[in-house]
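For reference, the structure is listed below as structure tokens.
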Amino acid sequence: MSADDYAEMAEHYRRAKEATKDDFMRRFLEQMERSFRVLAASEAVLEGSRGTQDDLERKPSKGPSDE
């Protein structure tokens, strides 16, 4: 799943949380929303690091012996 997919799921749980009246269910949905927001943020960081890793792999490295 992508960061956007996780963010969309978090939004789904937020809307469900607002619609429920049961306290237990509201807390459960709040925890699910928070978990999916953390997943979205983590995936966004991972997606960024994948791009950085790809950039680094394309560039020739200069080691101590190359200088």
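The values are calculated or read from the model by the stated rules, or taken from the named source; none is laboratory data. What you are looking at is a predicted structure, and each value in this text was computed from that prediction instead of being measured. Methodologically, a virtual Cβ is constructed for each residue, glycine included, from the backbone with ideal geometry; neighbour enumeration extends over all protein chains shown. Protein only, heavy atoms only, side chains kept; ligands, DNA and RNA dropped before computing areas. Shrake-Rupley method; radii C 1.70, N 1.55, O 1.52, S 1.80 Å.
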Would you check which residues across region 1-11 are out of contact with any Phe, Trp or Tyr (no Cβ under 7 Å at 6 or more places or on another chain) and either modelled with pLDDT of 95 or more or outside any loop (DSSP other than H, G, I, E, B) (or both) and list them? Ala3, Asp4, Asp5, Ala7, Glu8, Glu11
Selection count where residues are open to solvent by 100 Å² or more (accessible area, probe 1.4 Å), in a helix (DSSP H, G or I), more than 21 Å from Met1 (Cβ to Cβ) and among the charged types (D, E, K, R), scope region 12-39: 2
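Restricting to region 12-45, name every residue that is among the aliphatic types (A, V, I, L, M) and either at pLDDT 95 or above or touching a Pro at 6+ places or on another chain (Cβ under 8 Å) (or both).
Ala16, Ala19, Met25, Leu29, Met32, Val38, Leu39, Ala40, Ala41
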Every pair of residues 6+ apart whose Cβ atoms lie under 8 Å, when the first sits in region 38-60 and is without any contact (Cβ under 8 Å) to a residue 40 or more places away in the chain while the second is of a type in the set (Ser, Thr, Tyr) and part of a helix (DSSP H, G or I): Leu39/Tyr6; Ala40/Tyr6
